[in-house]
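Nothing in this text is a laboratory measurement; each read-out follows from the coordinates by a stated rule. A quick note: this is a predicted structure, and the numbers were derived from the prediction, not measured. Cβ: placed from backbone, ideal geometry, glycine included. Neighbour counts: every protein chain shown.
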Amino acid sequence: MELLPAPTVLEAPDGFLDWEYTAPLTVRVPPYPGMRANDVVTVHWEARGTRYEEPVRVWGTDAGIPLIVRVPNPWLSSASNRVSYSVEPFDGGEVLRSEVYVLNDRGW
């Protein structure tokens, strides 16, 4: 199965962020082929051996445009953070998965 493009973190377009950053983080999920209303997109954030997941339903007005998902800052680790997403198509088709975006502390 081909992977979907990786998400990005708007506050860290170069893949680095200062560990002291305290605000929630903004994950941008790019539009994907076949994106349509009622798909469920789940952002996965892995750091420090823990995992945070935030599911978001695609609304009719969202189809074809990037999705923006906020992730609470406590999930930011001073080590490597791995951000990805999965898509559960509304029609019950195969779950799609994305490539991983790696976010590191600028001081490492």
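If neighbour count is taken as other Cβ atoms inside 10 Å, put Ser86, Ser98, Ser80 in order from fewest to most.
Numbers: Ser86 16, Ser98 21, Ser80 13.
In order of increasing Cβ crowding within 10 Å: Ser80, Ser86, Ser98.
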Quiz prompt | Selected from Pro55, Gly92, Thr8, residue furthest toward positive end of dipole (segment 8-105; charges at beta carbon) | solution = Gly92
Exercise. For a footprinting-style exposure proxy, rank Tyr85, Tyr21 by other Cβ within 10 Å, fewest first.
Key: Tyr21, Tyr85
Quiz item: Roughly speaking, what is the stretch gain from Asn73 to Val100, that is 0.36 nm per residue apart minus the C-alpha to C-alpha distance, in nm to one decimal?
Solution: 7.9 nm
Exercise. Please work out which option in (i) 16.9, 59; (ii) 16.0, 46; (iii) 13.9, 44 gives Rg and Dmax of the Cα atoms in Å calculated from these coordinates, and answer with its label.
Key: (iii)
Quiz item: If you add up the charges near Glu99, with Lys and Arg at +1 and Asp and Glu at -1, over every other residue whose beta carbon is less than 11 angstrom from its beta carbon, what do you get?
Solution: +1
Quiz item: How much FRET efficiency would the formula 1/(1 + (r/R0)^6) give for Ala23 and Ser80, where r is the Cβ-Cβ distance and R0 is 22 Å, rounded to 0.05?
Solution: 0.60
Self-check item: Hz values of 3J(HN,Hα) by residue in segment 28-37 - Karplus curve (6.51, -1.76, 1.60), Gly and Pro given as x
Solution: 9, 9, x, x, 10, x, x, 4, 8, 4
Practice problem: For the chain, with a Gaussian network of springs between Cα atoms less than 10 Å apart, report the residue from Pro72, Pro30, Pro89 with the top mean-square fluctuation. | Solution: Pro72
Practice problem: Note the full-extension length gain between Asp14 and Ala37 as 0.36 nm times their separation in residues minus their Cα-Cα distance, in nm to one decimal. | Solution: 5.2 nm
Exercise. Compare Val69, Val83, Val95 in a GNM of the chain, Cα atoms joined below 10 Å, and give the one with the largest fluctuation.
Key: Val95
Quiz item: Relative to the Cα centre, what is the charge dipole magnitude of the chain, using +1 at the beta carbon of each Lys and Arg, -1 at the beta carbon of each Asp and Glu, and rounding to the nearest 20 debye?
Solution: 120 debye
